[in-house]
Structure formats: structure tokens, C-alpha cells
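Heads up, the thing below is written out as C-alpha cells.
The values are calculated or read from the model by the stated rules, or taken from the named source; none is laboratory data. Model, not experiment: these values are computed from the prediction. Virtual Cβ from ideal backbone geometry, glycine too; neighbours counted across all protein chains shown. Side chains are part of the model used for accessible areas, which takes the heavy atoms of the whole protein and leaves out ligands, DNA and RNA. Shrake-Rupley method; radii C 1.70, N 1.55, O 1.52, S 1.80 Å.
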Amino acid sequence: MGKSVHQCLEQLDIRKSVVGLAIGAGAIYLLYKAIRAGLKCQPPLCTASPICIARLAIERERHGRDSGELRRLLNSLECKQDEYTKSMILHNITRCVYLLEAEASACTTDDIMLVGSMLDDKDNSVKIQALNALKAFSGIRKFRLKIQEHFIKVLELTSTIWDSELHIAGLRLLNNLPLPDFVYPQLRRVMPALMEILQSDCILAQVQAVRLLSYVAQKNDLLYDILNCQVHANFLNLFQSTQPGSLLFEVLVFAERLSEGRNTPHYRAVKWHYNEQSLHEALFGDQSRLADRLLALVIHPEEEVQIQACKVIVSLQCPQDVRVQPSFCQTSRSYFNNGE
């Protein structure tokens, strides 16, 4: 034992240094293994995170190969699943269609029919995700005709289920498709429901509804059905300057198209009759205060709203067949007179 205290302390310091070096070397080795494993790690194909799907898209672009993720999701949709799982699968199919363009284009019309069949599911969330997936596929030209086959079904869902998210999803899909003639009878039946959505308190649904109505207003065979559709007594509140600019702009486009349509020689050749609570009376009737709202919007902070309000004023004053000759334009309402 005959060691001095000083010698013992020196030995202890040496041992601590050795142990410290060993621990440090071990930590470095473990860190090396972790980094090496991370570099070799491939993104898991089964994850549903948007980051993973984005990585899949990047890898596909880099290596020029099919990730198989979209096909795997479509195959899993064919299996019996609960509502929540189906909803999540459809949600991820939508993401993949947007991110994996080549894989989406390689899908078939059978895949479109499979997604479309989910519109019959009893759960609204599944219906909504199916609508979103069809909207994503509608960006691929070759699928549009097949998706059009669901047009009437989507109109039916949108008009019979009062759910804002479903309205938004359904109307976004319809606004991304051409309007086939065979849906005209169904459009006439759902016109009151579309007008109700326009007058609801959900801005996104209102914008989508008025966009569809603006498109329909350009169809001569459907113009009267829109103009004679019943609206609330406060319909002109949609033209108040306090409304969001995005909604105001779309509502003004709608009003311009209605005004242009009713002023065409084809439409004016018939003497139409409208009910007292109709859209026509709210906008163009003798008691309408539309002009007051339009004049207030001419000084709206947003330029596109100002310009569109001016376009509606011009369309009200000038029938379409003489609009190219300003000298013939006559004011159609007394409140546009006296320099107003």
C-alpha cells in the first residue's frame, strides 16, 4: 500500500482520463453509426405525412422511377376499410395526384370510377375527400369526360346535404369541369339550393357557388331559370362594401353576366314574367337599389372591385346590341340621371 496521497490522486486522474477517452470514442462511434444509417435510410412508403410524399415526388424526379405510392393507395381503397381510413386514403390520393404527376397520368378510368364510387359512402367526410380527389384528377385532361359522368351526382350531393365543406369541395370540382348539356334539367332543379349557398355565411362556399352561377348565366337555355329564382329580401347585402373583396368581385361578375344576358336580342325577343321575390326583381326591378350599391363600390379600396362595378353600371345603361355606340346608350334607371 505504501503510496502517498499525491500518487493516489495522480493515478485517479489518469483513470478518469482513460475512461473519458473511452466514453468519447464510444459516443463518436455511435454517432458515426447513426449518421451512416441515416444516409442509407429510404423514406418509408407507408407514411401518410405530406413531407414523406413530397420526398417521394423529389426522388421520382431525381431517379426517374415510379414510387408506387399512388398505386398502393388506390389498391388499399379497394379493400374493406372503416370510414376514417377511407377518408385518410382519399386525402393522400389527392396529395399524390398533385405531387406525382407521372403516376397520376398512368392511372386508368377504372381508378376514377373507384374514387367516384366513394361519393355513395354514408359518411360525409369520405364524400368530401372523394370530391377533392376527383378535383385533383380533373386537372388531367384524359380523365375529364369520365369525371363528368359524376356531374349530376355531385349536384345532388351539393344541393341536398347542408355541409359547408361538402359545398366547397363539390362546387370546386364542378367549376373545374365543362358544363355538359345533359345536366341542364338537373341544374334547373338545384338552382334554388345554389342560390341558398350563395346567400349563406360561408365565404368560400359563396365564392364557389357564384362562380358556377356566373358560368351557367352564359347559357341562354338557363338564364331565365336563374333570373326567376327566388332570393332573400336582403340579397343586395352581397353588394355591400363590407363584404370580402374576393366575394364582391365574383358577385359583380355574376351581375354583369346577368345584365348582358337579359339585354341580348335573343332574350329580349320574349316577354318574360318574374315572381316578386325573384333575382331579376332584386337586381333589375323598379324597386331595386342595386345602383346605390354599385355607386358605393366605385370607390372601393380594391381596384378590381372598382373596375367590375363600373362594368356592371355600363351594362345596365347600355343594351348589348348598341353598347358599341355610346351616343345611343340611354339610362335605364332614374338614379343614373343628373350626372350621377
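Here are the numbers for this structure:
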read-out	value
Counted residues, region 168-191 - those being in contact with a Phe, Trp or Tyr (Cβ under 7 Å, 6 or more places away or on another chain), surrounded by fewer than 14 Cβ atoms within 10 Å (Cβ to Cβ) and assigned to a helix (DSSP H, G or I)	0
Among (1) over 28 Å from Ile140 (Cα atoms); (2) in a helix (DSSP H, G or I); (3) not charged (D, E, K, R), the one test that Leu213 misses	(1)
Which numbered condition Gln218 misses (of (1) in a helix (DSSP H, G or I); (2) in contact (Cβ under 8 Å) with a residue 40 or more places away in the chain; (3) open to solvent by 50 Å² or more (accessible area, probe 1.4 Å))	(1)
Number of the exception - Ala255 against (1) at pLDDT below 95; (2) aliphatic (A, V, I, L, M); (3) within 24 Å of Ala309 (Cα to Cα)	(1)
Unique residue being surrounded by 12 or more Cβ atoms within 10 Å (Cβ to Cβ) and over 21 Å from Met195 (Cα atoms) when the list is Arg268, Arg262	Arg268
Residue match in region 126-138 (condition: under 17 Å from the mean Cα position of the chain (by Cα), open to solvent by less than 30 Å² (accessible area, probe 1.4 Å) and not assigned by the TED database to the domain that holds Leu74)	no
